[in-house]
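The values are calculated or read from the model by the stated rules, or taken from the named source; none is laboratory data. Note that the coordinates shown come from a computational prediction; the quantities given were computed from them, not determined experimentally. Neighbour counts are summed over all protein chains in view; Cβ atoms, including those assigned to glycine, are modelled from backbone coordinates with ideal geometry.
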Amino acid sequence: MLPVDLSGFSSFRGGFAREHPLAPLTTWRIGGPAELYVEPADVDDVVVAVEALRASGVPYRVLGGGSNLLISDRGVRGAVISLARLNRIDVLEGVVVTGAGALLHQVVSRAADAGAAGLEALAGIPGRIGGAIFGNAGSRYGAIGDVTLAVDVLTPDGECECLVPPAGFFEYRRSRIGDRIVLAAHLATDAGDPITLRARQQVLLRERLGSQPGWVGNAGCVFKNPAGRSAGQMIDDAGFKSEREGGIVVSPRHANFFENAGGGTADDVDRLVNRVRDAVHRAHGVELEMEVKRWR
Ligand code: EPU
């Protein structure tokens, strides 16, 4: 249970709620409430919130766009911090500086409109910048880590730092952000032509929608691709397209997407994940690793 005294929040200016529903904040629309939900107004407010939570011994997690996340049906203990209000995007010469809460697709289209090239590989990827950096979001054309010059973070000691990622900081669908909180990202761009950039974005979006379901009702690819192989293809080959557990169905369009057909639960997802893993392991001897993060 949360301590009644959260007096450290007296100077907090953002939003604050107890037993706040989290399912609407995820693309899967799954999950129970957060014991405490905190939505800081700006970076200073993030510092206040984290200090207050630490001082009162309340554990916390950071929510991004909820597009790569499975939240327990029973909800989560402690606090969930959403950085959705840190959504400022500045397109400058050679760099886009964006708050952790900015939506990735808005960053990509704002850059294209301003003639800033280099972010096209990220077109059509859901989520917010903080989560994208944390999980090194990407497509077959590249990942956000490829263009990340620096990341503003809040360290576990409560210090704001500008981190310049060293070689090896970003790997396939992971980063070494660890327990630092992403506050903003500095993304490298080149001069480009807005019309060409928008056209390229449209091509990539169409390509994506041609082989994958849309953004709502799924969490993107459930599993990482094992080196040199496609998880979707292996799940498909195992005959799992349209397989179902409760309200969760393996997408008939792309087998690495699990769709919430209505009323799906995290327990349903877990059951389907286990069945798929067992089948792929039996057929290919490969242990699939989850790409989706799990909050219990
Ligand atoms: N395939 C099948 N059946 C399926 C799905 C795929 O046979 O049900 C085959 C395709 O025909 C293709 C191959 O598997 O020959 C690869 O499929 P696809 O081109 O769709 O790429 P993917 O490896 O499944 C990756 C990323 C996606 C990203 C796409 C396009 C991972 C886990 N997935 O998918 O990223 O959108 O490339 O760039 O890295 C995500 O990470 O959440 C995600 C959706």
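Just checking, which of VAL97, VAL43, VAL38 is in contact (Cβ under 8 Å) with a residue 12 or more places away in the chain, crowded, with 21+ Cβ neighbours inside 10 Å and among the aliphatic types (A, V, I, L, M)?
It is VAL38.
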Tally, over segment 270-296, of residues that are β-branched (Val, Ile, Thr), out of contact with any Pro (no Cβ under 8 Å at 6 or more places or on another chain) and not in a helix (DSSP H, G or I): 1
Top-ranked residue in segment 163-196 [being surrounded by fewer than 12 Cβ atoms within 10 Å (Cβ to Cβ) and among the hydrophobic types (A, V, I, L, M, F, W, C); ranked as nearest to GLY130 (Cα to Cα)]: VAL164
Tally, over segment 131-151, of residues that are within 16 Å of the ligand (Cβ to nearest atom) and either of a type outside the set (A, V, I, L, M) or modelled with pLDDT under 95 (or both): 11
Breaking point among (1) surrounded by 22 or more Cβ atoms within 10 Å (Cβ to Cβ); (2) farther than 30 Å from ARG61 by Cβ; (3) in the same structural domain as VAL280 (by TED's automatic domain parsing), for GLY239: (1)
Residue, farthest from the ligand (Cβ to nearest atom), within segment 235-260, restricted to residues that are part of a loop (DSSP other than H, G, I, E, B) and over 23 Å from the mean Cα position of the chain (by Cα): GLY246
Criterion: of a type outside the set (S, T, N, Q), away from the ligand (no atom under 11 Å from the Cβ) and more than 23 Å from GLY118 (Cα to Cα) - qualifying residue of GLY232, GLY217, GLY228: GLY217
Subset of segment 199-234 (residues that are over 19 Å from ARG173 (Cβ atoms) and either assigned to a helix (DSSP H, G or I) or over 23 Å from the mean Cα position of the chain (by Cα) (or both)): ALA199, ARG200, GLN201, GLN202, VAL203, LEU205, ARG206, GLU207, LEU209, GLY210
Residues within segment 13-59 that are touching a helix residue (DSSP H, G or I) at 6+ places or on another chain (Cβ under 6 Å) and on the phi > 0 side of the Ramachandran plot, tallied: 2
Flag for ARG206 being within 16 Å of the ligand (Cβ to nearest atom) and within 30 Å of THR265 (Cβ to Cβ): no
Which numbered condition GLU161 fails, given (1) closer than 23 Å to SER82 by Cα; (2) touching a residue at least 40 places away in the same chain (Cβ under 8 Å): (2)
Selected residue [touching a residue at least 12 places away in the same chain (Cβ under 8 Å), over 16 Å from ALA219 (Cβ atoms) and among the polar types (S, T, N, Q)] from SER82, SER72: SER82
Among (1) within 30 Å of ASN260 (Cβ to Cβ); (2) at pLDDT 95 or above - the single one GLY124 does not satisfy: (2)
